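None of the figures in this text is laboratory data; all of them are computed from the coordinates on show. Being a predicted model, the structure only gives us computed values, none of them experimental.
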Amino acid sequence: MGSEAIIVFLIAGVVMVAGSNFLSNLISPKSDNPQKREPYESGMVTKGATWVQFKVGYYLYAILFLIFDVEVAFLVPWAVVFKDIGAVAFIEILIFLIILGLGLLYAWKKGALEWE
């Protein structure tokens, strides 16, 4: 029964996705307005250059946030099963935290955390 169940779930998933896309295209409002093709669909003509350069600080903050967000995603499951996994896993998580700490120290020394 295992392989039949997988095939049924696969077919059901494909039918649901295809059906929802078809239904969405069928009942969604349509517009042939030329302003629809304007940037951001605002209908306003852009003034000046549309490609504006952002400060690198925004990207650095985003990357640092992602790094430490992923750290939490690894630490929470580890903390839940901490008593069951033993000393080897504790040493491995310490190595993981030291590497992340070194990355934070590097970013700090490079001035990536200073907002100007």
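How much length is gained on full extension from N33 to I63, taking 0.36 nm per residue of separation minus their Cα-Cα distance?
Extra length available between N33 and I63 comes to 6.9 nm.
Taking the chain as a Gaussian network, where each spring joins two C-alpha atoms under 10 Å apart, which residue of I91, I11, I67 fluctuates the most?
So, out of I91, I11, I67, the one fluctuating most is I11.
Across the chain, how many lysine pairs, 8 or more apart or on two chains, come within less than 28 Å at their alpha-carbon atoms?
5
Taking 0.36 nm per residue of separation and subtracting the Cα-Cα distance, what length does fully extending L10 through I91 add?
25.0 nm
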